[in-house]
Each structure stands twice: as C-alpha cells, then as structure tokens.
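Visitor: I have a structure here, written as structure tokens, and I will follow up with some questions on it.
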Amino acid sequence: MDLENQKRVKDLTEKYGAENMIVLIGGAEAEAAGLAAETVTAGDPTFAGPLAGVELGLRVYHAVEPEFKESVDADVYDEQIGMMEMVLDVDEIIEEVKSIREEYGKFND
C-alpha cells in the first residue's frame with residue numbers, strides 16, 4: 001500500500017473511528033493483498049509510511065472474498081470483477097487476507 005493511501009486510511013480512521021471503517025483491497029497476488037491487509041491492521045510492515053507502528057486493527061477484505069461478493073449486486077460484480085476471478089488464485093488470496101484479518105483485526109464480526 002503506497003504512502004498516500006496509508007495517509008488516507010489513517011486520516012479517515014481518525015475522523016470516523018476504527019470501528020466504523022472497512023478497507024476493501026484488490027491486489028492481484030496473495031502476497032500483495034496480504035501486505036495491504038497487514039498494513040491496515042497491524043501497521044506498515046516496511047516501517048516506511050504513516051501507518052508504521054500504527055495498529056489500526058481495521059476490518060479488511062479483498063474484492064474476491066465471499067463476504068464482499070455477496071454484499072454487492074451480482075451483475076455489477078460480474079461486470080467489474082468476474083473476469084479477474086478466472087485468472088487470479090482466488091483461494092490463495094482469500095486465505096491470505098482472512099488469516100491477516102483473523103490475526104490482527106480488532107473489529108471482526
């Protein structure tokens with residue numbers, strides 16, 4: 001997650017409260033998605049950005065996770081994300097993001 005997006009997440013969390021935030025990520029690889037998920041839960045693992053050492057514990061989901069997929073219009077999902085599901089390793093991405101969310105998330109349902 002780039003430094004600008006880290007700042008946005010931090011600012012919005014301060015404004016609205018961590019308990020009211022959900023972060024939706026869309027990285028094409030499990031490792032990249034995991035790093036983004038870790039950044040908004042446990043803090044920036046590279047210690048380079050505004051979230052370095054900041055444990056927000058936010059709810060974080062990837063766009064291919066069932067929790068997100070089931071909450072949006074099926075036609076819109078298919079149009080915007082459906083094609084990508086065919087080329088992504090969806091199971092690996094889901095496993096990675098879910099494990100980060102379960103380990104570091106403070107507001108999991």
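The values are calculated or read from the model by the stated rules, or taken from the named source; none is laboratory data. Given the structure is predicted, the values throughout are model-derived calculations rather than measurements. Please note: Cβ atoms are built from the backbone with ideal geometry, for glycine as well, and neighbour counts cover all protein chains shown.
Visitor: Restricting to the stretch 4-22, count the residues that are buried (at least 17 other Cβ atoms within 10 Å of the Cβ) and either of a type in the set (S, T, N, Q) or more than 11 Å from L56 (Cα to Cα) (or both).
Guide: 3
Visitor: I'm trying to understand the selection: among the residues of the stretch 58-109, which are small (G, A, S), modelled with pLDDT of 95 or more and part of a helix (DSSP H, G or I)?
Guide: Matches in the stretch 58-109: A74, S99.
Visitor: While we're here: Just checking, which of T41, T13 is over 17 Å from E103 (Cα atoms) and either out of contact with any Ser or Thr (no Cβ under 6 Å at 6 or more places or on another chain) or in contact (Cβ under 8 Å) with a residue 24 or more places away in the chain (or both)?
Guide: Going through T41, T13 in turn, just one is over 17 Å from E103 (Cα atoms) and either out of contact with any Ser or Thr (no Cβ under 6 Å at 6 or more places or on another chain) or in contact (Cβ under 8 Å) with a residue 24 or more places away in the chain (or both): T13.
Visitor: E85 is checked against (1) surrounded by 12 or more Cβ atoms within 10 Å (Cβ to Cβ); (2) of a type in the set (D, E); (3) in contact with a helix residue (DSSP H, G or I) (Cβ under 8 Å, 6 or more places away or on another chain) and fails just one. What number does that condition carry?
Guide: (3)
Visitor: Turning to a different aspect of this structure: Only residues that are outside any helix (DSSP H, G or I) and either in contact with an Asp or Glu (Cβ under 7 Å, 6 or more places away or on another chain) or within 20 Å of E102 (Cβ to Cβ) (or both): list them for the stretch 1-10, please.
Guide: In the first step, residues of the stretch 1-10 are kept if they are outside any helix (DSSP H, G or I); the result is 1-2.
The one that is outside any helix (DSSP H, G or I) and either in contact with an Asp or Glu (Cβ under 7 Å, 6 or more places away or on another chain) or within 20 Å of E102 (Cβ to Cβ) (or both): M1.
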